[in-house]
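Worksheet: one structure, shown below.
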Amino acid sequence: MLKKLVLFVVLLFCLKSFANDGYKLWLQYDYIKNENLRSEYQAATSNLMSFGTSETIKIALKELELGLNGMLGSGYKSASNNSVLIFGNKTNLSDDILQKLGNSFTEINDEGYIITSFFLKEKNHIVISGKTDAGVLYGVFNFLKHIQTQKSIKTLNIKDSPKIDIRVLNHWDNLDRTVERGYSGFSIWDWHRLPDYLDPRYTDYARANASIGINGTVLNNVNANALILTPQYLDKVEALANVFRPYGIKVYLTARFSAPIEIGGLETADPYNKDVIQWWAEKTKEIYERIPDFGGYLVKANSEGQPGPQNYDRNHVDGANMLATALEPYNGVVMWRAFVYSEHDVTDRAKQAYSEFVPYDGQFKDNVLVQVKNGPIDFQPHEPFHPMFGAMPKTPLMMEFQITQEYLGQSTHSIYLPKQYEEILNSDTYRKGKGSTVAKVIDGSLHDKKLTGIAGVSNIGNDMNWTGNPMLQANWYGYGRLAWNPYLSAEDIAEDWLRSTFSNDKRFIEPVKKMMMTTTEAVVNYMTPFGLHHIMATGHHYGPGPWVSNLSRPEWNPVYYHKADSLGVGFDRTPTGSHATEQYAPEVAKKFNDLKSISDEDLLWFHHVAWDYKMKNGKTLWNNMALKYQEGVDQVKQMMETWENIEPFVDEQRYNNIKMLLEIQYKEAKWWRDACLLYFQEYSNMPLPESVEKPSQTLDYFQSLSFPFAPGN
Ligand code: GCV
């Protein structure tokens, strides 16, 4: 015991640095203490030679210098002169280097890169190249990641390209700087002081995104304000686009469908009206005159009160194609969202997007992508994959993940989301036989798509550490990495993130990585086990509210989703219920329909199950439900213990931030467990199993809680 204590204290003093506000994200570039490694890196990188004069190449050089100075010490350059590190795009490299690279360039796409090492003219060479300067910059970041994660660079032969074309963040940021579902402060876009004041944070934002391969940003909320399209705001958008361009990042805007009325002085926004068509053509031209590489429009139409083509008896195709025509001359795209549900269809909200969109397959113009949320309801802790994936072979479908945690404890709960993304991407749609995964739909390989895209609803705000909780930087990072390559493993990404953000020490990495990999399971357990969903409190979605039943639209009420009664709980979506399973391929539908083959985690999503139903482990549904809630709480407790044990490896500031947040998460996990079990017990009428802690309060107490100023509304 004493020995352990001494070791702990020694480690604390040797390893610890004290202040780190997390602003540098995963680009910490900490000094490498291992001398052998450092001299390997120093020998290879002491002579940097850049080819090309673009801003992007200058940024690449600056980044290399920053990273290498940080990791190897500022005097590193004098170490050797028989090595050279060359970077530049293909057109700027000399013939002898190109000859050495052979036909490598045929193996990468326009954003891809090559990192290779060879011996030439008495010198060891490392060459980082691509077909474009953006490719070179991605290569430079990847090379630095190698050093950050302490991999050998003795022999390098890397060729890598993004598998998805459009890799964007969606900011739900409003012009008044509030952020819808944002839990990390206010918007980083300081609209009032733009375009003249360029906050250095814009550059840091672009740099962080480029380091993980994100190549686009939708600046404003999908619940859009038409003012963003006025000259006053386009000046500001243009200023941001100029900052982002050298980092390979395009700007996109959300287009409010009724903008021709609101800022154009027209009486209609009917997509068939000539003046409306003309208005969008001119507006689009105006944007491209300012921003020649503008990406295009993201549209939320006829959803949750937003205007759209249906206001004029037109449909999604009419609306999307009208905007696509305006963008076509400039190679811009429309990202048309499929997040729609109507109060008039009370059968099953989960079915509506598929019912509305799948019949339009093949009718959208070539520059339209339909953007689909990962699951059929709305970013729940667990959802089955959205049935539209694989069901529209002639239409490019974009994935929309939520990085911000609207339904997952907001920014206080430490949840590692790439684990959830990985599960969705690996789901098999069976649309072209076994192995037709969602990832293959998204990267276009399943149906041979030319245009591909992925979007992540950002968790970024103006908090010093960007994401409100240092652990949640991993979700931004992991989203970017999966957007580049949807086949990567969440666990490998977690390891890279931990090494780049905190420490390369195995005694830190192994336990924390293990902890991260359990977090999505934990949140499902303490919020919505066995396929329960949308039982959060109203509006802000903070905390439990399974009892809510008084909202005007049926599908806004949690009771609509869990359907608890004296017989059982769950939403029957099989052929005896809403028939939603029929929207999946027969193999998938069969698995979901059958109580014997459905996974426990999807059970109540698809079935109304008796409280005393014996589950696969032989216990009743009620007992299992209670035990799962308890397990979720225990998992958070375990996370706290893991974190306490790694204290010597993390600076005091981030250690304490995360520690306090985990304590909140633990408190709230217990709140979820107690409130939900007390509520469902009213229907099950069954006692809690012995090993489940007794609730700390009454159901009345939990129902009386209110949070009028919960953030993110
Ligand atoms: C931007 C959910 C959220 C809304 C969000 C909407 C959407 O309903 O609660 O805040 O609106 O999804 O994705 O459009």
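Just so it is clear, none of the values below were taken in a lab; they were calculated from the coordinates. The structure presented is a predicted model; accordingly, all values stated were derived computationally and were not measured. With ideal geometry, Cβ positions are generated from the backbone for all residues, glycine too; neighbour counts draw on all protein chains shown.
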Dimensions in Å of the range 465-614 - Rg and Dmax from alpha carbons: 19.3, 54
Size descriptor, Kirkwood hydrodynamic radius, that averages inverse alpha-carbon separations across the range 46-177, Å: 15.7
Normalised per residue, the volume of the convex hull around the Cα set of the range 73-146 (Å³): 98
In Å and from the alpha-carbon atoms only, list the Rg and Dmax of the range 656-713. 14.0, 42
If you restrict to DSSP beta bridges whose two residues both lie in the chain, what percentage is antiparallel, to the nearest 5? 30
Among G433, L488, Q371, flag the residue with its Cα farthest along the positive direction of the charge dipole of the chain, charges on Cβ as +1 for Lys/Arg and -1 for Asp/Glu. L488
Using only Cα positions of the chain, each an equal point scatterer, no hydration layer, compute I(q)/I(0) via Debye at q = 0.08 Å⁻¹ and quote the log10 values to two decimals. -0.66
What residues have an amide H closer than 5 Å to that of K250, excluding those fewer than 5 places away on the same chain, when H is modeled at 1.01 Å from N in the peptide plane? G216, T217
As a quick test, which of the pairs K58/K145; K163/K434; K62/K151; K62/K659; K236/K440 have an alpha carbon distance above 27 angstrom in this structure? K62/K659; K236/K440
Report the calculated FRET efficiency for E35 and L705 (r = Cβ-Cβ distance, R0 = 51 Å), to the nearest 0.05. 0.35
What ³J(HN,Hα) values, in whole Hz, does the Karplus curve 6.51 cos²θ - 1.76 cosθ + 1.60 give for the range 59-75 when θ = phi - 60°, with x put for Gly and Pro? 5, 4, 5, 4, 5, 4, 5, 4, x, 6, 4, x, 7, 10, x, 5, x
Going by how many other beta carbons lie within 10 Å of each one, how would you line up F143, F401, fewest first? F401, F143
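How do the peptides 443-451, 167-175, 193-201 rank, highest first, by the average count of neighbouring beta carbon atoms within 10 Å per residue? Working shown, then result.
Details: 443-451: 15.8, 167-175: 23.3, 193-201: 12.9.
Put in order of decreasing packing, that is 167-175, 443-451, 193-201.
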extent check for the range 290-334: Cα max minus min per principal axis, descending, whole Å, gives 33, 18, 13
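Starting from the exponent 0.38 and prefactor 2.2 Å, build the expected Rg for the range 513-596 from its residue count and divide its actual Cα Rg by it. Walk me through the numbers before you get to the answer.
On the way: Rg = 15.3 Å, N = 84, 2.2 N^0.38 = 11.8 Å.
Ratio of Cα Rg to 2.2 N^0.38 Å: 1.29.
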Cα atoms only, the range 564-683: Rg and Dmax in Å? 19.1, 57
Sorted largest first, the Cα spans of the range 18-101 on the principal axes come out in Å as 49, 29, 19
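For every helix of n ≥ 4 consecutive DSSP H residues, a contribution of -39,500 (n - 2.57) applies; sum these over the chain, divide by its total residues, and give [θ] at 222 nm rounded to the nearest 500 deg cm²/dmol. Provide the component values of the computation, followed by the final result.
Working: 22 runs with 272 residues, N = 713.
Result for the chain, helices only: -12000 deg cm²/dmol.
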Spatial separation of Cα centroids for the range 405-459 and the range 260-325, in angstrom: 28
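If we count every other residue with Cβ under 15 angstrom of E267's Cβ, Lys/Arg +1 and Asp/Glu -1, where does the sum land? All intermediate terms of the calculation are to be shown ahead of the outcome.
Details: positive: K274; negative: E262, D270, D275.
With Lys, Arg at +1 and Asp, Glu at -1, the neighbours total -2.
Based on the Kirkwood radius over alpha-carbon pairs, what value in µm²/s does the Stokes-Einstein equation return for the translational diffusion coefficient of the range 382-485 at 4 °C and 1.567 mPa s?
After rounding, the answer is 89 µm²/s.
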